[in-house]
Amino acid sequence: MLSTIRKLLDNWLVRAFFIVLIAVFIFWGVSSVVTNVGATNAVATVGGQPIEATAINTDYQQQVTAYAQAHNGAEPSQGERRLYAGAALGQAIDRATMALDAKHLGVTAPAAALRQQIFAMAVFDGPDGKFDKTTFNQVLAQHNLTPAAFMDDIARGLAASQIVQAITVGVAAPTPLVQQIFDFVGQERTIQYAQLPFAAANPPAPPALAVLRRYWRNHPERFSTPALRKIQVVILSPALLAPDQTVTKAEIADQYEAEKSKFGRTASRTVEIITAEDAASAAKLADQWTKGANWAAMKQAADAASATAVTFDDAQPDQFPSGRLAKAVFAAKPDEVSAPVTGALGTYVFKVTKANPGGATPLAQVEPQIKAAVQLRKAHRVVDATVAKLQDALAGNTSLDKLPGDLHLAAVEGTLDAQGLTAAGTSVPIPGPKTLRAAIIKTAFATAQGAQPRAITGPDDSYYAVSVLKIIAPVLKPYDQVKTDVLLDWTGDQVKRQEEVAAAALISAMKSGKSFAEAANAAGQPITTSPPMTRAKPAPGIPAKLLPIIFTLKPGEPTMVETDEEFIVGTVTAITEPKPGSDPATLGRIQTALDQAMQTNVLQTYATALRSRYHVTIDAQKLRQISD
């Protein structure tokens, strides 16, 4: 019964875990940059100390690069770039306020804890799997960090973690709340329902002509032409300007060199791994594998030896459970069984079945992607340099057809309905992506005829202006033109009414004292009985519109819902509450999830209080300069 609770709680726990993870990065995450105190390019100040643009630019650029990688090299819009810059500044502010509060409270990081923290980072391990100073210096140099700056950052993080632990140590969800959620998630319900489909009803005979004509007149919204608007539109959009931007081979090559790391391919391996409990067992398995046993046989042999056998597909070095194992995997030749490798979880033997080399993607392979990105960047600059001229021209009451020809505008004029179709039912050719087209149509039907157009910010850093030249009201179509549709609509309404009366009769019978089965049998309606279901796992086949109502009903209480195809009448026949103590593991997981959520709320409140205590100020203009 409670297996479905676990599935739902997985979502809650993951969600709560990521909330806490975000808080960790905000409060004591290792920063990749160090604030340069004393410079003048302060984007913000915290307790009188500046936060320079350079101190947030790395985090900002990482977000922009991640966006480009996820969108085939396309740059984020200006609005998205500003959000990224704001997020990077917010993290820098929170780190700074936390550091000040740690200093105010006298909280420091012991040297032993600092050493332990750094030595535990696998990225600094040498060939022997232990901390290596040469590797340490090399990794820091690759990230433009000095050892002193890095250790200062780690020290601040350790000090901050002590404060966070002290703040959250006693924060826990109350037991009654935990039990209430456990009961809510684990409650099971069984229902019965009857379906009254319109398609199964017997349609009435066609009525007299007078009835149909009256129906036609009484439903003009069904039988009229759509409301139309004749509009003029001008569009200033990077997406439309980008294809016309000239990009030289040299510019593409320069961009490739500047972003070469973005086009790098991380080496990966597909590998079959057996983890044995000890070296002797691993050696026996390796010997059997070397003698020609296939993977299926090795999995059976691993089970017999209390070992585990797993396959890693296209795994990168940081995805392996041991730094030493990762080094051995990437040093191994494909299709050879390795010697035993000792790790924290046991002793490993493995075989690499596929090796994907890393390295930079050739320029020729990514040239179209780079060219498109450079064109779009140039188009953004054209838009940024032009939009003020467009706004000034419109502010001077210039009509759209009289705008200057050097504004890089796309212009279109036409008559359309609210779906963007012409009177003939064809799509109006408004240029630009679908989101921009939808925004223009929405504006057109919210603008009064003759209103002075203005520049409106659209999707993806675009701008547009709309002028409504004429509003064409709906007109009732002649009866002879739509008489077939009138008959079909009238018949459909009668069938729906017929099934609605039958559904209402079932509910009336139940309210008069009959059981659902008795009422349905008397009406000749077949019923369906569901298996027990929970909120997390509905029974298969339950109509979607019935699901939200099921857990609001009392046993025996009827309900009726309408869909596009039928009426459904249903009732709850049984409610089963989870037994106290039936699943202590799940109850514990709920407790943990709620504890973490409450601790996150406390940390958020603390972060807000710190910003007030240390008098944070932000220079909005300099913040915009980072993303513009």
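The values are calculated or read from the model by the stated rules, or taken from the named source; none is laboratory data. Here the structure is a predicted model, which means the values were calculated and not measured. Every residue, glycine as well, gets a Cβ built from its backbone with ideal geometry; the counts of neighbours run over all protein chains shown.
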Residue that is surrounded by the most Cβ atoms within 10 Å (Cβ to Cβ) [pool: residues in the stretch 351-374 that are over 27 Å from Trp289 (Cβ atoms) and polar (S, T, N, Q)]: Gln369
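Do we find that Leu140 is modelled with pLDDT of 85 or more, touching a Phe, Trp or Tyr at 6+ places or on another chain (Cβ under 9 Å) and more than 25 Å from Gln625 (Cβ to Cβ) in this structure? Give the derivation first.
On the way: modelled with pLDDT of 85 or more: no; touching a Phe, Trp or Tyr at 6+ places or on another chain (Cβ under 9 Å): yes; more than 25 Å from Gln625 (Cβ to Cβ): yes.
No, not satisfied.
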Filtered residue count, the stretch 392-412, keeping only those that are surrounded by 15 or more Cβ atoms within 10 Å (Cβ to Cβ) and of a type outside the set (A, V, I, L, M, F, W, C): 2
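Residue-wise test of (1) without any contact (Cβ under 8 Å) to a residue 12 or more places away in the chain; (2) over 30 Å from Thr552 (Cα atoms); (3) among the basic types (Lys, Arg).
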{"site": "Leu158", "(1), (2), (3)": "no, yes, no"}
{"site": "Arg214", "(1), (2), (3)": "yes, yes, yes"}
{"site": "Arg222", "(1), (2), (3)": "no, yes, yes"}
{"site": "Arg229", "(1), (2), (3)": "no, yes, yes"}
{"site": "Ile235", "(1), (2), (3)": "no, yes, no"}
{"site": "Ala239", "(1), (2), (3)": "no, yes, no"}
Residues of the stretch 472-482 classified as touching a residue at least 40 places away in the same chain (Cβ under 8 Å), surrounded by fewer than 16 Cβ atoms within 10 Å (Cβ to Cβ) and either charged (D, E, K, R) or out of contact with any helix residue (DSSP H, G or I) (no Cβ under 8 Å at 6 or more places or on another chain) (or both), total: 3
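In this structure, is Asp460 at positive phi, in contact (Cβ under 8 Å) with a residue 24 or more places away in the chain and assigned to a helix (DSSP H, G or I)?
On the way: at positive phi: yes; in contact (Cβ under 8 Å) with a residue 24 or more places away in the chain: yes; assigned to a helix (DSSP H, G or I): yes.
So Asp460 fits the description; yes.
Output the residues belonging to the stretch 91-134 that are small (Gly, Ala, Ser), in a helix (DSSP H, G or I) and in contact (Cβ under 8 Å) with a residue 24 or more places away in the chain. Steps first, answer last, please.
Pass one, the stretch 91-134, residues small (Gly, Ala, Ser): 92, 96, 99, 102, 106, 109, 111-113, 120, 122, 126, 129.
Keeping just the survivors that are in a helix (DSSP H, G or I) gives 92, 96, 99, 102, 111-113, 122.
Of everything in the stretch 91-134, those that are small (Gly, Ala, Ser), in a helix (DSSP H, G or I) and in contact (Cβ under 8 Å) with a residue 24 or more places away in the chain turn out to be Ala92, Ala96, Ala99, Ala102, Ala113, Ala122.
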Test set (1) in the same structural domain as Ala523 (by TED's automatic domain parsing); (2) touching a Phe, Trp or Tyr at 6+ places or on another chain (Cβ under 9 Å) - Tyr606 fails condition number: (1)
Unique match (being touching a helix residue (DSSP H, G or I) at 6+ places or on another chain (Cβ under 6 Å), over 30 Å from Pro174 (Cα atoms), in the same structural domain as Val501 (by TED's automatic domain parsing) and not charged (D, E, K, R)) among Pro558, Pro531: Pro558
Enumerated helices (runs of 4 or more DSSP H) restricted to the stretch 175-260, each holding at least 3 residues that are in contact with a strand residue (DSSP E or B) (Cβ under 8 Å, 6 or more places away or on another chain) and of a type in the set (Lys, Arg): none
Residue, nearest to Phe320 (Cα to Cα), within the stretch 252-278, restricted to residues that are of a type in the set (Gly, Ala, Ser) and exposed (fewer than 13 other Cβ atoms within 10 Å of the Cβ): Gly264
Odd one out for Gln162, checked against (1) under 30 Å from Arg497 (Cα atoms); (2) of a type outside the set (Val, Ile, Thr); (3) touching a residue at least 12 places away in the same chain (Cβ under 8 Å): (1)
Hey, Thr415 outside any strand (DSSP E or B), hydroxyl-bearing (Ser, Thr, Tyr) and surrounded by 13 or more Cβ atoms within 10 Å (Cβ to Cβ) or not: no
Near pairs, Cβ below 7 angstrom, 6+ apart or cross-chain, from the stretch 594-606 (within 18 Å of Val178 (Cβ to Cβ) and in contact (Cβ under 8 Å) with a residue 12 or more places away in the chain) to any residue that is buried (at least 17 other Cβ atoms within 10 Å of the Cβ) and polar (S, T, N, Q): Gln599/Thr168; Val602/Thr168
Among (1) over 30 Å from Thr573 (Cα atoms); (2) in a helix (DSSP H, G or I); (3) assigned by TED's automatic domain parsing to the domain that holds Ile507 - the single one Ala159 does not satisfy: (3)
Hey, Pro431 touching a residue at least 24 places away in the same chain (Cβ under 8 Å), loosely packed, with under 15 Cβ neighbours inside 10 Å and touching a helix residue (DSSP H, G or I) at 6+ places or on another chain (Cβ under 8 Å) or not: no
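If you check Gly420 against the conditions, is it among the small types (Gly, Ala, Ser), out of contact with any Pro (no Cβ under 7 Å at 6 or more places or on another chain) and at positive phi?
Numbers: among the small types (Gly, Ala, Ser): yes; out of contact with any Pro (no Cβ under 7 Å at 6 or more places or on another chain): yes; at positive phi: yes.
Spelling it out, Gly420 is indeed among the small types (Gly, Ala, Ser), out of contact with any Pro (no Cβ under 7 Å at 6 or more places or on another chain) and at positive phi.
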Every residue from the stretch 51-90 that is in contact with an Asp or Glu (Cβ under 8 Å, 6 or more places away or on another chain) and part of a loop (DSSP other than H, G, I, E, B): Ser77
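State which residue is surrounded by the most Cβ atoms within 10 Å (Cβ to Cβ) when the search covers only the stretch 279-310 and only residues that are outside any loop (DSSP other than H, G, I, E, B) and among the polar types (S, T, N, Q). Break it down into steps so the answer makes sense when it comes.
Initial filter on the stretch 279-310 (outside any loop (DSSP other than H, G, I, E, B)): 279-290, 295-304, 308-310.
Add one more test, that the residue is among the polar types (S, T, N, Q), and what stays is 281, 288, 290, 300, 308.
Numbers: Ser281: 19, Gln288: 17, Thr290: 13, Gln300: 12, Thr308: 15.
Filtering the stretch 279-310 for residues that are outside any loop (DSSP other than H, G, I, E, B) and among the polar types (S, T, N, Q), the one surrounded by the most Cβ atoms within 10 Å (Cβ to Cβ) comes out as Ser281.
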